[in-house]
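K.L.:
Next up is a structure, given as structure tokens.
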Amino acid sequence: MSDIERRVSDIMLAKLRVREPSLEETDFDKSIFDLELDSLDVVELTQVLERELKVQADRRTIGSLMLLEEFRSYFVLLATR
């Protein structure tokens with residue numbers, strides 16, 4: 001795993017563990033619905049990632065992401081541009 005992938009994963013886990021302390025990186029293959037994340041949780045996660053990585057996400061793209069792994073991959077892509 002690259003440094004940026006590790007950083008994005010760590011940011012996501014820090015935010016998501018506030019809600020679900022037992023969450024692990026292996027849970028990134030689950031959908032946001034399986035983890036019972038609502039639209040506010042997704043917005044907050046997006047804002048944290050944007051702020052920490054100094055990137056701007058496309059809201060339509062974010063709306064189409066279903067798995068946490070898709071969020072991670074999308075933000076890794078944004079951070080490496």
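The values are calculated or read from the model by the stated rules, or taken from the named source; none is laboratory data. All figures in this text were calculated on a predicted structure; none of them were measured in a lab. For neighbour counting, all protein chains shown are included, and Cβ atoms are generated from backbone atoms with ideal geometry for every residue, glycine included. Calculation scope for accessible area: heavy atoms of the full protein, side chains included, ligands and nucleic acids excluded. Shrake-Rupley method; radii C 1.70, N 1.55, O 1.52, S 1.80 Å.
K.L.:
Could you tally the net charge around residue 66, taking each other residue with its Cβ under 12 Å from the Cβ of residue 66, Lys/Arg +1 and Asp/Glu -1?
P.N.:
Around residue 66, the charge tally is -3.
K.L.:
Scanning the chain for helices, which whole DSSP H stretches are 18 Å or more long along the axis (Cα) and average 0.0 or more by Kyte-Doolittle?
P.N.:
39-53
K.L.:
Can you tell me the equivalent ellipsoid semi-axes for the chain? Use √(5λ) from the Cα gyration tensor, largest first, whole Å.
P.N.:
Working from the Cα gyration tensor, I get semi-axes of 17, 15, 12 Å.
K.L.:
I'd like the chymotrypsin sites (Phe, Trp or Tyr not before Pro) in the stretch 20-81 restricted to DSSP loop residues with at most 10 other Cβ atoms within 10 Å, sorted by number.
P.N.:
Within the stretch 20-81, the qualifying chymotrypsin sites (Phe, Trp or Tyr not before Pro) (loop, at most 10 other Cβ atoms within 10 Å) are 33.
K.L.:
Take the chain, mark every one of the GluC sites (Glu not before Pro) that falls in a DSSP loop and has at most 14 other Cβ within 10 Å, then report the longest stretch left between them, sites excluded.
P.N.:
37-81
K.L.:
I need to check one value: relative contact order of the chain, counting alpha carbon pairs closer than 8 Å and at least 6 residues apart, in percent.
P.N.:
Reported relative contact order: 42 percent.
K.L.:
Of 46, 61, 26, 80, which has the most accessible area and how do the rest follow, probe 1.4 Å?
P.N.:
The most accessible residue leads, giving 26, 80, 61, 46.
K.L.:
Using helices alone, what [θ] at 222 nm do you get for the chain, with -39,500 (n - 2.57) per DSSP H run of 4 or more residues, divided over all residues and rounded to the nearest 500?
P.N.:
Rounded to the nearest 500, it is -19500 deg cm²/dmol.
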